[in-house]
C-alpha cells in the first residue's frame, strides 16, 4: 500500500537524519518541536499539493502520539508503516523517543504556543476548531471590528 506520492517521497528522501540537526519550534502547522533535518525547505513544500503536505503533517502527528506513548489506531499504524517503507531514511522516522531535555523543550514549546494562541484569539468574538480527520485540525477566528471597545475598568 502506497500512502505517499512520488513527489513527496522524492523530497523526503533528501532529508536523512543528521547528528548536527537543530531542534526547532513550529507554531503552525505542528504546534510543537521538530528538527531542521526533518522538514523540506519552503520552496519544496510550496511545490507539494495540500493533500501531500497534509500527509506529511499527519506523519508528524503520529510521531507526537508515539512520543506520548499512545497506542496507534489501525489506520494510523498502517499509514505510518507504509510511509516508513517508502522513505525509511527520512529523519522523522529516526527520532521516535525524546531525551529528557527534548521532552522538557517539547512541553515548554507547546505551553508557549498555547499561550500565544490564547493571547491572539482571546479577543475573538468567535473561534471555531474543526477536526479535519487524520490528526489534522483547522481553526478560524472572527473579530467584530465594528463593536465599541470596552473602556470600563
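Overview of values
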| read-out | value |
| --- | --- |
| Every residue from the range 27-46 that is surrounded by fewer than 15 Cβ atoms within 10 Å (Cβ to Cβ) and either out of contact with any helix residue (DSSP H, G or I) (no Cβ under 7 Å at 6 or more places or on another chain) or part of a strand (DSSP E or B) (or both) | 28, 36, 41, 42, 43, 46 |
| Checking residue 93 against (1) within 27 Å of residue 2 (Cα to Cα); (2) part of a loop (DSSP other than H, G, I, E, B); (3) modelled with pLDDT of 95 or more, the condition it does not meet | (2) |
| Test: residue in the range 53-61 that is touching a helix residue (DSSP H, G or I) at 6+ places or on another chain (Cβ under 8 Å) and outside any helix (DSSP H, G or I) | no |
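The values are calculated or read from the model by the stated rules, or taken from the named source; none is laboratory data. What you see is a predicted model; the values in this text were computed from it and never measured. FYI the Cβ positions are ideal-geometry reconstructions off the backbone, even for glycines, and counts take in every protein chain you see.
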